[in-house]
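Just below is one structure, and these are the notes that go with it.
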């Protein structure tokens with residue numbers, strides 16, 4: 001009744017109630033047998049509200065929610081305070097919408113596993129999907145991390161820092177501590193752009209390069225950095241949008257160069273940097289592909 005107090009259109013006469021009940025039954029039957037493709041966004045939100053408003057016409061309220069938040073995703077990502085500013089939305093309706101958001105995020109995370117029991121990821125896309133679920137509805141910047149096993153099973157995922165991605169030393173210490181606490185030497189980090197796009201900034205790439213190097217010196221492998229926005233996500237390891245030098249890739253390529261038969265041997269400089277045409281060519285290629293090599 002408290003919800004109806006803010007929206008009298010939700011309190012119809014007995015005759016109107018019967019009309020609305022028939023309308024609801026027809027809409028639900030179509031949705032359950034044919035899916036939602038036949039419906040507009042307004043009708044989908046209207047049906048969504050049936051659960052919290054057992055009587056009355058929810059169509060006007062669906063209009064107001066979409067006008068206020070722009071899309072169904074916008075409604076689900078709205079905060080409790082924002083939802084309560086919409087006429088007709090009371091605390092129970094706002095709670096219902098917020099819980100639906102949490103449930104949707106949990107579904108995205110759980111459906112990203114190829115093996116739900118072992119919580120194993122199969123692809124980078126699955127890891128991106130997981131973090132999209134984690135950040136669904138999060139309106140402030142966060143830095144999160146997960147530790148995973150050698151066969152890509154999730155061990156632990158949690159928030160490391162709140163705020164802008166850029167505090168290298170603090171992030172490295174927290175990430176190292178996080179990995180050691182969970183007995184893992186493989187870490188994936190993620191942060192969100194709640195008001196922007198999933199495009200890495202220069203700072204994102206620079207800090208990722210430094211973190212990769214610092215963690216590698218501690219025998220911890222930074223496998224990837226995922227950036228999530230309301231419009232999607234991106235993997236820095238697999239993307240060409242950002243210039244990141246990964247410490248493990250750099251070492252692997254350097255070892256490849258040092259293999260017997262790869263250029264002229266330099267035994268007197270075995271412990272120092274190699275100076276061969278092959279290395280020069282590799283460094284030029286690497287700089288063009290993944291950015292400037294850190295000093």
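Matching residues to (1) at pLDDT below 80; (2) touching a helix residue (DSSP H, G or I) at 6+ places or on another chain (Cβ under 8 Å); (3) outside the structural domain of residue 139 (by TED's automatic domain parsing); (4) part of a loop (DSSP other than H, G, I, E, B):
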residue: 212; (1), (2), (3), (4): no, yes, no, no
residue: 219; (1), (2), (3), (4): no, no, no, yes
residue: 234; (1), (2), (3), (4): no, yes, no, no
residue: 275; (1), (2), (3), (4): yes, yes, yes, yes
residue: 280; (1), (2), (3), (4): yes, no, yes, no
residue: 284; (1), (2), (3), (4): yes, no, yes, no
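Of all residues in segment 156-184, those being over 26 Å from residue 101 (Cβ atoms) and surrounded by fewer than 15 Cβ atoms within 10 Å (Cβ to Cβ) number 8. Comparison of 146, 159 shows that the only residue that is part of a strand (DSSP E or B), in the same structural domain as residue 230 (by TED's automatic domain parsing) and modelled with pLDDT under 95 is 159. Does residue 223 meet the test of being in contact (Cβ under 8 Å) with a residue 24 or more places away in the chain and either in a loop (DSSP other than H, G, I, E, B) or surrounded by fewer than 22 Cβ atoms within 10 Å (Cβ to Cβ) (or both)? So residue 223 passes the test. In segment 99-118, which residue that is in contact with a helix residue (DSSP H, G or I) (Cβ under 6 Å, 6 or more places away or on another chain) and part of a helix (DSSP H, G or I) is farthest from residue 149 (Cα to Cα)? Applying the filter and picking the extreme gives 101. Only a single item in (1) under 20 Å from the mean Cα position of the chain (by Cα); (2) touching a residue at least 24 places away in the same chain (Cβ under 8 Å) is not met by residue 88, and it is number (1). If you go through segment 108-123 one residue at a time, do you hit one that is in the same structural domain as residue 156 (by TED's automatic domain parsing), more than 25 Å from residue 198 (Cβ to Cβ) and either buried (at least 21 other Cβ atoms within 10 Å of the Cβ) or touching a residue at least 24 places away in the same chain (Cβ under 8 Å) (or both)? Yes, that holds for at least one residue. Residues satisfying the criterion are present in segment 185-196 (criterion: out of contact with any helix residue (DSSP H, G or I) (no Cβ under 9 Å at 6 or more places or on another chain), surrounded by fewer than 15 Cβ atoms within 10 Å (Cβ to Cβ), assigned by TED's automatic domain parsing to the domain that holds residue 229 and within 22 Å of residue 231 (Cα to Cα)). Note on segment 213-243: residues that are farther than 18 Å from residue 178 by Cα and over 18 Å from the mean Cα position of the chain (by Cα) total 2. Does residue 85 count as part of a loop (DSSP other than H, G, I, E, B) and closer than 25 Å to residue 201 by Cβ? Answer is no for this residue.
The values are calculated or read from the model by the stated rules, or taken from the named source; none is laboratory data. No experiment lies behind these values; they were computed from the predicted model shown. Cβ atoms come from the backbone with ideal geometry, glycine included; neighbour counts cover every protein chain shown.
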